[in-house]
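Peer 1: Mind looking over this structure? Questions follow.
The values are calculated or read from the model by the stated rules, or taken from the named source; none is laboratory data. Only a predicted model underlies this, so the values are computations on that prediction, with no experimental measurement involved. Don't worry about glycine lacking a Cβ; one is built from the backbone with ideal geometry, like all the others, and counts go over all protein chains shown. Remember, those area values only see protein heavy atoms, side chains included, never the ligands or the DNA or RNA. Shrake-Rupley method; radii C 1.70, N 1.55, O 1.52, S 1.80 Å.
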Amino acid sequence: MPEETGPLAILFADIAKSTQLYELLGDEEAQSLIASCVTLLSKAALQHRGTIIKTIGDEILCTFADANDAVAAAKLMHRAVGKLPPINKPGFGSINLYIGIHMGHVIEDGGDIFGDAVNIAARLVELSKQRQILITEQVVEALYPENRGGIQSLYETIVKGKSGPISVYECIWEEEALTIIEKSPLSAMISTVSLELRFHEQLFVISQTRPTFTLGRQGYNDLVVEDYCVSRSHARIDLRRGQFVLTDQSTNGTYLVIQGEEPVHITRDLTQLHGSGIISLGRELDSDAPDLIYFTVKV
């Protein structure tokens, strides 16, 4: 019979670029390498008192009674695959992982787990970049104070089936990056930089006194773009540690060109804004488009 558990830390780990591995190495060699990686992931989970729920090709799902163990296992997973020899093929290097962890109640049935908490952990893996560990606020709150060093708030995102956004954090696991975070002075984290946004005749300034700015179709946003291609809560810009981060939260994505660089299309992802450029919500960049947003970062 299905049975609801107490709160568990749910960890998904996915091997990055696994499809490309099959193309580069062939089926047999790639399958052997992926199986070796999954074995390393399983050992890391078990070493930190985890339970292996299942492995699905290049992915592993496991649970932990303690969020501290889940985070420790995630760090060990990254370090373990990092010791594997790099792939000596053009366009490929070391094996990397995407990892997401969420804390919540699950339904156990037939050795598998189901529920909102599982869906949120799976969503974090989709949002994760290579070599990242993404966690939710529930995980952060369950960590011992001494294990919260290197936790960085990133953004909020929407998960299908949830009425409101969830807060996403990154757990920095690499020593070099962790040292930078711990030793950075507060003044450098906040900084005195500002970002100017120009939309039609309107001018907006994002700075230390206004570090978060929202863009979308609905009137509650700081900048409203009335276009059916624009989502209600389309994107946001945050000032983090002296840098401006654009996070797309939309259906159609955000188009961006930074002066001197190639245009990019961001969908449910984030990128840093620097220099000056143009933002287009939900539509491809067109110099004749009426709703272009011009930005300039000022130091």
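Peer 1: Would you please give the residues with an amide H less than 5 Å from that of residue 234, counting only those at least 5 places away or on a separate chain, with H modeled from the backbone geometry?
Peer 2: So residue 234 has HN proximity to 215, 216, 217.
Peer 1: Further question: Per the Cauchy relation, a quarter of the hull surface: what is the mean projected area of the convex hull of the alpha carbons in the stretch 48-89, in nm²? Numbers along the way, then the final one.
Peer 2: Details: hull surface 14.4 nm².
Mean shadow area of the hull around the Cα atoms is 3.6 nm².
Peer 1: Can you compute the charge dipole magnitude of the chain about its Cα centre, using +1 on each Lys and Arg Cβ and -1 on each Asp and Glu Cβ, nothing else charged? Give it in debye, rounded to the nearest 20.
Peer 2: Roughly 680 debye, rounded to the nearest 20.
Peer 1: A follow-up question, please. Is the shape of the stretch 242-299 best called rounded, prolate or oblate, per the rule: a/c under 1.5 gives rounded, else a/b larger than b/c gives prolate, else oblate, with a ≥ b ≥ c the square roots of the Cα gyration tensor eigenvalues?
Peer 2: Oblate is the answer for the stretch 242-299, as a/c is 1.5 or above yet b/c matches or exceeds a/b.
Peer 1: Lys and Arg at +1, Asp and Glu at -1: add these up for the other residues within a Cβ distance under 14 Å of residue 118 and post the number.
Peer 2: Net of charged neighbours comes to -3.
Peer 1: Give the shape of the stretch 203-272 as rounded, prolate or oblate, defined through the alpha-carbon gyration tensor: a ≥ b ≥ c are the square roots of its eigenvalues, a/c under 1.5 means rounded, and otherwise the shape is prolate if a/b is larger than b/c and oblate if not. Before the final figure, lay out each step's value.
Peer 2: Working: a/c = 1.78, a/b = 1.08, b/c = 1.65.
Oblate shape, in that a/c is at least 1.5 and b/c is the bigger or equal ratio.
Peer 1: Would you mind finding the longest exposed-site-free stretch of the chain, with exposed GluC sites (Glu not before Pro) meaning DSSP loop and at most 12 other Cβ atoms within 10 Å?
Peer 2: That would be 1-200.
Peer 1: If I take R0 = 41 Å and measure r between the Cβ atoms of residue 220 and residue 4 in this structure, what FRET efficiency does the formula 1/(1 + (r/R0)^6) give, to the nearest 0.05?
Peer 2: That gives a FRET efficiency of 0.70.
Peer 1: Suppose we flag chymotrypsin sites (Phe, Trp or Tyr not before Pro) only when DSSP calls them loop and at most 16 other Cβ atoms lie within 10 Å. Which is the longest uninterrupted stretch of the chain? Numbers along the way, then the final one.
Peer 2: Details: sites that count: 92, 220, 228.
After excluding every exposed loop site, the longest remaining stretch is 93-219.
Peer 1: For residue 49, what charge total do you get from the other residues with a beta carbon under 11 Å from its beta carbon, if Lys and Arg give +1 and Asp and Glu give -1?
Peer 2: That works out to -2.
Peer 1: Subtract the Cα-Cα distance of residue 24 and residue 241 from 0.36 nm times their separation in residues, and report this length gain in nm to one decimal.
Peer 2: Gain on stretching residue 24 to residue 241: 74.2 nm.
Peer 1: Just to be sure I understand: of the beta bridges DSSP finds with both ends in the chain, what percent are antiparallel, rounded to 5?
Peer 2: Beta bridges within the chain, antiparallel portion: roughly 90 percent.
Peer 1: Further question on the same structure: Treat each spin label as a single point 7 Å out from the Cα along the C-beta direction, and report the residue 144 to residue 228 distance in nm.
Peer 2: Going by the 7 Å Cα→Cβ label model, 5.7 nm.
Peer 1: Next question, about the same structure. Which semi-axes, in whole Å and largest first, does the equivalent ellipsoid of the chain have when worked out from the alpha carbon gyration tensor as the square roots of 5 times its eigenvalues? Spell out each step's value before the answer.
Peer 2: Details: eigenvalues 255, 98, 83 Å².
Those come to 36, 22, 20 Å.
Peer 1: Could you work out the local net charge near residue 246, counting Lys and Arg as +1, Asp and Glu as -1, over the other residues with Cβ closer than 13 Å to its Cβ?
Peer 2: 0
Peer 1: How large is the accessible surface of residue 69 in square angstrom, using a 1.4 angstrom probe and rounding to the nearest 10?
Peer 2: 30 Å²
Peer 1: Just subtract the alpha-carbon distance of residue 89 and residue 54 from 0.36 nm times their residue separation and send over the number in nm, one decimal.
Peer 2: Details: separation 35, 0.36 × 35 = 12.60 nm, distance 3.03 nm.
Contour length minus Cα-Cα distance gives 9.6 nm.
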